[in-house]
1. Within the range 215-257, count every residue that is within 17 Å of T344 (Cβ to Cβ) and either of a type in the set (V, I, T) or out of contact with any helix residue (DSSP H, G or I) (no Cβ under 7 Å at 6 or more places or on another chain) (or both).
2. Residue check: is K156 of a type in the set (K, R) and either assigned to a loop (DSSP other than H, G, I, E, B) or at pLDDT 95 or above (or both)?
3. If I ask for residues that are hydrophobic (A, V, I, L, M, F, W, C) and buried (at least 19 other Cβ atoms within 10 Å of the Cβ), which ones from the range 97-107 would you list?
4. For the subset of the range 130-139 comprising residues that are of a type outside the set (G, A, S) and surrounded by fewer than 24 Cβ atoms within 10 Å (Cβ to Cβ), which member is farthest from the chain's Cα centre (by Cα)?
5. Tell me yes or no: at least one residue of the range 111-127 is under 16 Å from G343 (Cβ atoms), of a type in the set (S, T, N, Q), under 14 Å from the mean Cα position of the chain (by Cα) and surrounded by fewer than 19 Cβ atoms within 10 Å (Cβ to Cβ).
6. Would you check if there is a residue in the range 176-197 being part of a helix (DSSP H, G or I) and modelled with pLDDT under 90?
7. Restricting to strands (runs of 3 or more DSSP E) lying wholly in the range 238-353: which have 1 or more residues that are in contact with a His (Cβ under 6 Å, 6 or more places away or on another chain) and at pLDDT 95 or above?
8. For a quick check of your reading of the model, give me the residue pairs whose first member lies in the range 331-353 and is acidic (D, E), whose second is in a strand (DSSP E or B), with beta-carbon atoms closer than 7 Å and at least 6 apart or on different chains.
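The values are calculated or read from the model by the stated rules, or taken from the named source; none is laboratory data. Keep in mind that this is a model prediction, so the values were computed, not measured. Please note: Cβ atoms are built from the backbone with ideal geometry, for glycine as well, and neighbour counts cover all protein chains shown.
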Amino acid sequence: MKVPSVHVCILALVATLCSFSSVQSFTSHHSIRPYGTTSLKASTANSDATTTTEGDKTSSGLLKRDRYVATNRFAVRQGKAAKFEKRWATRKSKLATLDGFKYFHLMRRVTLNNDDGSNVYDEGDGDDTAHGNYVSFTIWSKKSHFSAWRSGEAFKEAHGGTSIGAFVSTMVKSAMVLRGAPRPAFYDGLLIQSTIPDSQGEVVDGWRNVNADGVNTLPTECFVACNQFFVPPENAAAFEQRWKNRESKLQECDGFVAFTMMRRDASAKGHGVVPLSSGEPSYTSCTIWRDRAAFDNWRKGSAFQKVHGGGDANSKKSEEEAKPATPPQPLWSQPPQPVFYEGTLVITGEDGA
């Protein structure tokens, strides 16, 4: 007997939520948080992150964690984007009041129209291509803060688990807008840079207060540029060191909000958390901008050109002289894959991400 697809989705969602809860594991003007010493201090303080040794590295030679990043990847059904966003906007959550919370947004995947600078929602046209068309993105100060939230009452309230009836109702509503169960993925946040917001969206009792009608999608509050890297384990330490040694000018760019290099936490287990395979990125760079225009201005500017091997004609000679005789070899198994998002429902701590 064939089970209706919505029923299958409900069963999968129930299993995912139950397991997820038990697994251990902006605005236009910003002021800049000092970079370097702040980031190192954060990674040193987070001794719950990994096996610690001297300096900023673990016993395995990898960088110590600055933050812990929890994501959940959704496949929203066609035509259901606004309804999905409304469910997030109207949920009960005390997220912003919780110990260790740093930053949250819900992001929808987009493709870039470079002719007019607009973005087009990348809905996907099937189960595979729809996967990840929406992603929830939360930054925690420490992994222990995330684990405490996931095992506490605030998690149950946000996910409809205060009673059996509320839980079932949440699952049914989810099944009507999603293609199957969400797929959580967790990361060590490295090389954090962030700005301190001068103002924030309205937050009431720990959650954003916005109008959501379920017909129109929510306003875009930030733009997110990601680059997915497929780095074999034997190259991980060298990859991280190469990024650590890069000269970054992000803090000097108008509209920059935050950056982190995310290293997949392969130790996470549970339903929906699949073992990391060669077909999935082991690292993802994530840069949050005030809007698409700020990202475009950075990409056209000298800071981008310098980091990515460009520059004006007058500097080409000196750059050529500075280049090593042999260019560094790629440390990944396949070319990086860029992914772009619009972020909404932004919640940020007073000191940024």
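1. Total satisfying the criteria: 9.
2. On the way: of a type in the set (K, R): yes; either assigned to a loop (DSSP other than H, G, I, E, B) or at pLDDT 95 or above (or both): no.
Here the answer is no, as K156 does not meet what is asked.
3. If we filter the range 97-107 for residues that are hydrophobic (A, V, I, L, M, F, W, C), which is where we start, we get 98, 101, 104, 106-107.
F101, F104, L106, M107, listed by residue number.
4. H131
5. There is no residue in the range 111-127 that is under 16 Å from G343 (Cβ atoms), of a type in the set (S, T, N, Q), under 14 Å from the mean Cα position of the chain (by Cα) and surrounded by fewer than 19 Cβ atoms within 10 Å (Cβ to Cβ).
6. Residues of the range 176-197 that are part of a helix (DSSP H, G or I), as a first pass: 176-177.
Narrowing the set further to residues that are modelled with pLDDT under 90 leaves 176.
Yes, the conditions are met somewhere in the range 176-197.
7. Details: elements: 256-264, 283-289, 337-348.
Answer list for the range 238-353: 337-348.
8. What qualifies is E342/M107; E342/R108; E342/V110; E342/N119; E342/F223; D351/I196.
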